[in-house]
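Report on the following structure.
The values are calculated or read from the model by the stated rules, or taken from the named source; none is laboratory data. Quantities reported herein were computed from a predicted structural model and do not represent experimental measurements. Cβ coordinates were reconstructed from backbone atoms using ideal geometry, including for glycine residues, and neighbour counts include every protein chain displayed. Accessible surface areas use protein heavy atoms only, side chains included; no ligands, DNA or RNA. Shrake-Rupley method; radii C 1.70, N 1.55, O 1.52, S 1.80 Å.
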Amino acid sequence: MTEIVKARNVSMKFKAVEALTDVSLGVAPGEQVALLGHNGAGKTTLFRLILGFIKPTAGSISIAGFMPGSDAARHVVSYLPEQVAFPKMLTGREVVRFYARLKGAAPEGVQAVLDKVELVEAADRRVDTYSKGMRQRLGLAQALVGNPRLLLLDEPTSGLDPLSRQHFYELIADVSRRGCAVLLSSHGLSELEAKTDRVAIMRKGRLVADGPLAELQHQADLPIRIRVRAAAGAVASVHAEIGGGRINCASVELYCAKGDKMRILSKISGLGAQVEDVDVASPTLDEVYRYFSNNGIEQIQRGEIQCTA
Amino acid sequence: MHGVITIAATEIRIGLRNRWIILSSLILLAFALILVLLGSAPGGEVKTDAVTVVVASLSTLSVYLVPLIALLLSYDAIAGEIDRGTLQLVLASPVSRGAVLVGKFLGHVAVLAIAVSFGYGIAGLVAFLANGGGEAVALIGVGRLIASSTILGATFIAIGYIASASVRQTGTAAALAIAIWLFAVVLYDLALLGGLLASQDGFFARTVFPWLLVFNPADAFRLYNMSAIDALAVGSNLGGAGSALPLSGLATMVSPVAWTAIALGLSTFILKRVRP
């Protein structure tokens with residue numbers, strides 16, 4: 001499979017700061033890859049390298065076989081920056097037409113992308129009257145115009161309400177079905193809503209995970225949380241029986257590995273009337289993300305709880 | 001080429017929308033009309049064409065006002081757009097940075113040309129009509145003033161891009177633009193005057209001074225317009241210096257044109273190194 005973006009052992013150093021260290025990442029045509037990481041993890045730096053705004057201090061990047069920033073490479077890539085801004089005096093339609101012309105795209109495409117991002121009604125209003133979500137959608141429209149082969153989206157869903165976020169991922173799925181490679185960055189896994197084919201997680205300039213979401217969940221092997229609400233007065237004996245920690249005067253909470261789940265659940269059911277309710281929670285996407293981006297699980301610390309009952 | 005035209009057209013559109021064109025036109029018109037009204041009285045006495053006298057005063061006005069307007073147009077072009085985040089997308093699109101700069105340049109020069117034509121055109125027409133018409137040659141003088149003012153403006157637009165591309169903050173670029181203006185149209189002339197006073201008939205006055213005068217695009221512009229008016233036999237106080245000038249007539253305009261080319265080349269060179 002020929003990848004549109006191919007980054008090989010890329011490092012980027014700004015004076016004393018090592019922004020990227022030995023990052024290798026590829027995105028194939030039609031593939032959607034999410035790049036996750038905290039602020040300062042190196043996501044935007046990687047984007048600027050792919051755009052050719054800066055040159056890596058080590059390693060190499062190629063865009064459909066071309067050098068980043070070269071004329072041929074810039075024909076391939078479409079970019080949506082994190083803080084997208086447009087000349088305030090222009091209307092939405094003028095903005096999209098402007099970028100369509102710069103990209104040498106057909107003028108008919110302008111109306112089509114405005115339609116796609118649902119900005120047709122506001123298209124002839126000036127950009128300074130737009131809300132943040134509308135500006136973001138306008139940014140997406142200028143990125144989509146001209147059928148790029150690679151979409152580079154820097155935190156495209158921040159500032160969007162859940163409904164427009166949903167719509168946004170539908171649009172992205174649509175362009176990737178046509179063979180466009182999509183690389184987008186995001187703050188957290190939950191924001192992605194498990195919509196991308198692959199997830200790459202960065203921490204302090206290094207790529208710490210790269211794979212389909214299910215694989216990452218498996219790799220993290222996070223414990224399952226079991227919360228047991230004891231019947232009145234039975235909390236101490238339940239605690240003694242199953243262990244874990246008491247979180248208040250009625251409940252006991254414990255974490256177990258995936259393989260131990262059934263054994264512990266049967267033990268709990270053996271307690272009979274002493275147990276009022278059981279709640280089992282698999283690790284959330286956010287917990288999986290935190291595992292990779294913080295290198296390990298945060299220890300849950302709780303003090304002893306004194307119950308007078 | 002397509003990119004150049006698109007960027008230039010957008011700059012003109014923005015110039016119209018944000019009222020830059022109308023505002024600078026009105027400023028030029030206001031100053032020009034003041035000079036027209038004040039200049040009409042002596043014009044009758046000296047027996048020269050009133051319009052020609054107005055053109056002479058307007059060219060002095062141009063030396064100060066046109067570079068200022070030009071620098072105000074251009075200082076924001078790169079630093080400000082990077083600051084606000086509007087230039088990143090343009091630089092990511094398949095248009096070369098040289099083409100981006102040339103497009104902006106053509107757009108800004110067009111904005112300035114419209115303002116100058118409007119301001120000086122109306123003022124010239126008022127002077128022409130107020131004096132009950134006159135020789136049509138005088139109107140050619142107005143046209144020459146508009147054309148040469150536009151070239152002078154183009155020079156300072158290009159110089160403003162150097163300031164705008166060299167710094168990251170708009171505020172710094174603005175300060176730099178004002179400093180350039182102050183140096184080129186005020187301090188430079190004062191320094192030359194000081195030099196002349198120090199050596200009234202020495203090597204400086206005879207050999208260095210004329211070259212230094214032509215070297216400054218604003219002074220070259222003034223020389224060109226004064227010598228053109230001299231040809232129409234209006235007494236000019238520059239007559240003495242004029243005889244020793246290394247370049248005369250239209251040739252003096254080589255200075256602003258050369259400055260424009262150098263400044264555009266230099267700002268493209270700097271822009272290519274900008275990492276947005």
Subset of segment A:66-87 [farther than 18 Å from B:Val100 by Cα and either free of Cβ contacts under 8 Å to residues at least 60 places away in the same chain or more than 29 Å from the chain's Cα centre (by Cα) (or both)]:
A:Phe66, A:Met67, A:Pro68, A:Gln83, A:Val84
What helices (runs of 4 or more DSSP H), lying completely within segment A:48-144, carry at least 2 residues that are among the polar types (S, T, N, Q) and surrounded by 14 or more Cβ atoms within 10 Å (Cβ to Cβ)?
A:132-144
From the list A:Val280, A:Val238, exactly one residue is at negative phi, within 26 Å of the chain's Cα centre (by Cα) and either free of Cβ contacts under 8 Å to residues at least 60 places away in the same chain or surrounded by 17 or more Cβ atoms within 10 Å (Cβ to Cβ) (or both). Which is it?
A:Val280
Any residue in segment A:3-13 that is more than 15 Å from A:Ala181 (Cβ to Cβ), in contact with a Pro (Cβ under 7 Å, 6 or more places away or on another chain), open to solvent by 10 Å² or more (accessible area, probe 1.4 Å) and among the hydroxyl-bearing types (Ser, Thr, Tyr)?
yes
Selection count where residues are in contact (Cβ under 8 Å) with a residue 24 or more places away in the chain and open to solvent by less than 20 Å² (accessible area, probe 1.4 Å), scope segment B:74-87:
6
Using beta carbons and a limit of 8 Å, which pairs, at least six apart or on different chains, have the first residue in segment A:88-99 and facing chain B (nearest Cβ under 10 Å) and the second one hydroxyl-bearing (Ser, Thr, Tyr)?
A:Leu90/B:Thr10; A:Glu94/B:Thr10; A:Phe98/B:Thr6; A:Phe98/B:Thr10; A:Tyr99/B:Ser93
In the list B:Gly44, B:Gly15, which residue meets the criterion of being modelled with pLDDT under 75 and either touching a strand residue (DSSP E or B) at 6+ places or on another chain (Cβ under 6 Å) or part of a helix (DSSP H, G or I) (or both)?
B:Gly44
I'd like the full set of residues that are in a loop (DSSP other than H, G, I, E, B) and polar (S, T, N, Q), limited to segment B:48-105.
B:Thr48, B:Thr86, B:Ser93, B:Ser96
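Here's the yes/no breakdown for (1) touching a Gly at 6+ places or on another chain (Cβ under 6 Å); (2) modelled with pLDDT of 85 or more; (3) of a type outside the set (Val, Ile, Thr):
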| residue | (1), (2), (3) |
| --- | --- |
| A:Pro212 | no, yes, yes |
| A:Ala240 | no, no, yes |
| A:Ile264 | no, yes, no |
| A:Pro283 | no, no, yes |
